[in-house]
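The values are calculated or read from the model by the stated rules, or taken from the named source; none is laboratory data. Remember, predicted model here, so these are calculated numbers, not experimental data. All Cβ positions, even for glycine, are placed from backbone atoms using ideal geometry, and neighbour counts span all protein chains on display. Only protein heavy atoms, including side chains, enter the accessible area calculation; ligands, DNA and RNA are left aside. Shrake-Rupley method; radii C 1.70, N 1.55, O 1.52, S 1.80 Å.
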Amino acid sequence: MLPALQTCPRHLLVCEKSSFLAEKSRHASHVETHYYNYAVSILLPECGHLPVKLKNTIDGLGNYYLVKDLPLHEFITQEFRDAFIKKGLFYALSYNTRIDQDNAAALLPTGKLIISVDKDTYEELGLQGKPSLYSGKKTMRFIVNLDLTNEALSQDGKKLQRVRWAFTEKKPLKFDFLLAWDNAEAPTIKTYFSKYMVKECPFNISSVVSKDVLCPVLKSRELHGKEGESCSAMEIFEWLGAVSNNIDCNNQASSFISSFGCPVPNILVERAYVCTITGFITPAKIMQLLQQLREYFDELKLSQWASLMVNGFADSPVSWKESEHGFFKGGENLYSFVVFNNEDYWLHMAVGTHDGCPP
């Protein structure tokens, strides 16, 4: 067992380069279909403070909500579907549920309700589902996918009656849910769910300014790098992970924390600014931040690039779109952009062992 635990698990990393101005650029699609994000980090080399426009965008991100003991049957009512589902961009994710051990649920902005349950719960529910892709030889976990936009789930339909019976009588399921809605139309989340315990949660914003930092040399057209001239996308991805976690990359073998060093070639920058936002962050908010990074280079800057790193919830039932997400040893579920001053970008998308390849 010990050798198995020490074995490095498989990871999947997809890297691509493109331009925000390219007609077939997929940057918006990748952001918009990665629904559940808990942290965004912005790195600005050669910068000691946030630009005003970027700061205003971050300060204006608003709030998200935590609703305690919210039953699943609330999501299938006609009232809820009229108020939220039909208007789109509503997000719900069960909170403090472990995807490899507990029952979990997520309501996608497309109107799909995805429930990940253990074998006993699945048999008690009596709803049609499919075995988890990562159950192993003996299926112990199932995925139930309900399309709340489907006409078959109309108010008087037999399918809706069966689902309601399953959620209210057969196997009532309720969770603490994180909720967000990128729609200013009434009603608000707080008023609609007022009969439950609703907590309005602000985003946590922290920043670190590091001095005399070694930064990799990057050239937007050289995704694979060029020996002695520029670093590759793979090398910058690892380095960004270290920097966003405030790990010193001085490459000292005696370090008890990390002996990881900045890839070469690199340059010494006087300072680097890292701002990290944590909470329940919707894709629309991330698109706002990405747009601000593009506009960051409208004025001449010492650095030729900046980055935006996004971490998804490790225990989300999905990664991109409806692709099933599992935990295994790490629950990796993340992506990052390196934004260049000529509107080119590099995109990294990474998941762990219990995931399909990112799109």
(request) Just grab the label-to-label distance for Ala284 and Thr110, each label 7 Å out from Cα along the Cβ direction, in nm (one decimal). (result) 1.9 nm
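Taking the Cα centre as origin and putting +1 on Lys and Arg beta-carbons and -1 on Asp and Glu beta-carbons, what dipole magnitude results for the range 212-359, to the nearest 20 debye? Working shown, then result.
On the way: 9 positive and 18 negative charges, 20 e Å.
That gives the range 212-359 a dipole magnitude of about 100 debye.
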(message) Let me cross-check Asp102: its accessible surface, 1.4 Å probe, with only protein heavy atoms counted, in Å² to the nearest 10?
(response) 40 Å²
(message) Which one, Leu21, Gly48, Ser94, is farthest towards the positive end of the dipole of the range 1-127 when Lys and Arg carry +1 and Asp and Glu -1 on their Cβ?
(response) Leu21
(message) Treating only the Cβ of Lys, Arg, Asp and Glu as charged (+1, +1, -1, -1), what charge dipole size does the range 58-127 show about its Cα centre? Round to the nearest 20 debye.
(response) 360 debye
(message) If you fit an axis through the alpha-carbon atoms of helix 233-244 and take the longest principal axis of the Cα set of the chain, what angle between them do you get, 0 to 90°, nearest 10?
(response) 80 degrees
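Largest first, what is the accessible-area ranking of Lys159, Lys24, Lys53 with a 1.4 Å probe? If you can, show how the numbers build up before the last one.
On the way: Lys159 105, Lys24 180, Lys53 135 Å².
From most exposed to least exposed: Lys24, Lys53, Lys159.
Report the gain in length on full extension from Thr168 to Ile267: 0.36 nm times residue separation, minus Cα-Cα distance, nm rounded to one decimal. Let's see the in-between values first.
Numbers: separation 99, 0.36 × 99 = 35.64 nm, distance 6.14 nm.
Gain on extension, Thr168 to Ile267, equals 29.5 nm.
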(request) Estimate the FRET efficiency between Lys219 and Leu133 by the formula 1/(1 + (r/R0)^6), using the beta-carbon distance for r and 35 Å for R0, to the nearest 0.05. (result) 0.35
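Taking all protein chains together and a probe of 1.4 Å, list Met349, Met197, Met287 from the most accessible to the least accessible. Show your work: numbers first, answer last.
Details: Met349 0, Met197 130, Met287 50 Å².
Greatest to least solvent exposure: Met197, Met287, Met349.
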(request) Considering only Thr276, Thr139, Thr110, give the residue with the highest GNM mean-square fluctuation for the chain, with springs between Cα atoms whenever their separation is below 10 Å. (result) Thr139
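In the chain, carbon and sulfur make up what percent of the accessible area (probe 1.4 Å)? Write out the running numbers ahead of the final one.
Working: 9030 of 17780 Å².
Percent of accessible area from carbon and sulfur atoms in the chain: 51.
In percent, how large is the relative contact order of the range 1-147, given Cα pairs closer than 8 Å and 6 or more residues apart?
13 percent
To the nearest 20 debye, what charge dipole does the range 1-119 have about its Cα centre, counting +1 at the Cβ of each Lys and Arg and -1 at the Cβ of each Asp and Glu? All intermediate terms of the calculation are to be shown ahead of the outcome.
Details: 13 positive and 12 negative charges, 54 e Å.
So the magnitude is around 260 debye.
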(message) Given a 1.4 Å probe and heavy atoms of the protein chains only, how would you sort Glu124, Glu32, Glu23, largest accessible area at the top?
(response) Glu23, Glu32, Glu124
(message) Which residue, Tyr273, Ala166, Gly60, has the largest displacement toward the positive end of the dipole of the chain when charges sit on each Cβ (Lys, Arg +1; Asp, Glu -1)?
(response) Ala166
(request) Find the relative contact order for the range 222-359 and round it to a whole percent, using C-alpha pairs within less than 8 Å whose residues are 6+ positions apart. (result) 16 percent
(request) On the full set of protein chains, 1.4 Å probe, figure out the accessible area of Leu89 and give it in Å² to the nearest 10. (result) 80 Å²
(message) Leaving out ligands and nucleic acids, and using a 1.4 Å probe, what accessible area per residue does the chain come to in Å²?
(response) 50 Å²
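Which length gain, in nm to one decimal place, applies between Asp82 and Cys201 when the Cα-Cα distance is subtracted from 0.36 nm times their residue separation? Walk me through the intermediate numbers first.
Details: separation 119, 0.36 × 119 = 42.84 nm, distance 2.51 nm.
Fully extending the segment from Asp82 to Cys201 adds 40.3 nm.
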(request) Using label points projected 7 Å from each Cα along Cα→Cβ, tell me how many nm separate Lys24 and Lys190, to one decimal. (result) 4.7 nm
